[in-house]
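The structure under discussion appears below in the form of structure tokens.
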Amino acid sequence: MSDLDEIRRRLSDLEAIESIKQLKARYFRFVDEKKHDDLVALFTPDAKLVTDGIVWKSPQEFAYTIRDLTGQAPSVHHGHMPEIEMTGPDTASGIWAMEDLLTFPAGKDAPEGHNGYGQYRETYRKVDGRWLIDSVELTRFRMDPLDNWDPGT
């Protein structure tokens, strides 16, 4: 491979990595802005999703369960320090440190709110010129309990 070819390959990898960072930024933003249909569009149709041991059947099930559980309760999701590796011209893998703050509408059957800390391990695939999330495994290492959301307070 010539020096010019190597520079082109490295530039292509850097552009892909930046696109994947933007993809993940949209993921966090869409969850917090309650844009669940937009969230679904960030995944391949057959994406594999596992969060804290829960296996989701589809991106739709994942996004709409979040919608149904959280309602209008505020949430905050942050991803930090991405480690993204190109595994092929149209594939990549990544590890992201994460922190989230989740509250749910207060009620007797509401899940407990939490401030969570952990890690996303993901794969990405380029489909029709767009990078999409192909698999997600979210593991929280620590979860501190939070009071749930009461819109009257």
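Numbers for the structure displayed
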item	result
Built amide H within the under 5 Å cut-off of Trp149, gap 5+	Phe104, Ala106
Pair Thr65, Asp150: separation of 7 Å Cα→Cβ label points (nm)	2.9 nm
Share, in percent, of DSSP beta bridges within the stretch 3-146 that are antiparallel, nearest 5	90 percent
Fraction of the pair-distance distribution of the stretch 1-69 above 15 Å, Cα-Cα pairs, percent	63 percent
The chain: angle of helix 3-32 to the longest principal axis, Cα-based, in degrees nearest 10	10 degrees
Count, lysine Cα pairs under 21 Å in the stretch 3-146, 8 or more residues apart or across chains	14
Acute angle (nearest 10 degrees) that the helix 59-70 long axis makes with the longest principal axis of the chain, alpha-carbon atoms	30 degrees
Order by protection proxy (mean Cβ within 10 Å, highest first), peptides 115-121, 130-136, 63-69	130-136, 115-121, 63-69
Equivalent ellipsoid, the stretch 3-146 (semi-axes from 5 times Cα gyration tensor eigenvalues, Å)	31, 15, 12
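Read the figures in this text as sums done on the coordinates, not as results from a lab. From a predicted model like this one, the values you see are computed outputs, not experimental measurements. Reconstructed Cβ throughout: ideal geometry from the backbone, glycine too, with neighbour counts over all protein chains shown.
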